[in-house]
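Here's the structure, in structure tokens; my notes come after.
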Amino acid sequence: MLRKSRTGSPYIPLTSARTVFFPGTDGGAQWGGSATDPDGIIYIPGKQNPCHSSLVKREQPAENGSVTGAQLYSLCCASCHGTDRRVNHDGSYPSLLAIDKRLSVDAVNQVLLHST
């Protein structure tokens, strides 16, 4: 995957081609992992990890305001779960294939209601 990715200088802009960029979105002071000692000194891990990503062209909804399920998925879900619903490129979001085997309709609706 790395050989097929665009690389270059720091802050390389994202395009539709897979791009490795640095500093990545997981760098700098992170929310997780900080701690304080009894004297009140806070310790925050600093990371500078490269990331790989790409931009995906979104379908625009119809002018009459109606959208299909596929358009809604493309607009709201594909950037995280992948255009084919299998998984995103780094595995940080789960596959949605066979989700009906893992979650009930009510559970899926709850996830959707709380993610907006």
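What follows is calculated from the coordinates using simple rules that are stated; it is not laboratory data. Since we're looking at a predicted model, the values are computed, not measured. Here the Cβ positions follow ideal geometry from the backbone for every residue, glycine too, while neighbour counts run over all protein chains shown.
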How high is the relative contact order of the range 1-55, in percent, counting Cα pairs under 8 Å that sit 6 or more residues apart?
38
Under 10 °C and 1.306 mPa s, how fast does the range 1-55 diffuse according to Stokes-Einstein, given a Kirkwood radius computed over C-alpha pairs? Answer in µm²/s, whole number.
123
How large is ³J(HN,Hα), in whole Hz, for each residue of the range 92-109 in order, when computed from phi with the Karplus curve 6.51 cos²θ - 1.76 cosθ + 1.60 and θ = phi - 60°, using x for Gly and Pro?
7, 10, x, 5, 9, 5, 6, 5, 5, 7, 9, 10, 6, 4, 4, 5, 5, 4
In whole Hz and in residue order, list the ³J(HN,Hα) couplings for the range 66-77 that follow from phi through the Karplus curve 6.51 cos²θ - 1.76 cosθ + 1.60, θ = phi - 60°; x for Gly and Pro.
8, 10, 8, x, 5, 5, 4, 4, 4, 6, 10, 10
Residue-count net charge about LEU14 - beta-carbon cut-off 13 Å; Lys, Arg +1, Asp, Glu -1:
+3
Applying the Karplus parametrisation 6.51 cos²θ - 1.76 cosθ + 1.60 with θ = phi - 60° to the phi angles of the range 42-55, what ³J(HN,Hα) value in whole Hz is obtained for each residue in order, glycine and proline being reported as x?
9, 10, 10, x, x, 10, 10, 9, x, 10, 10, 7, 7, 9
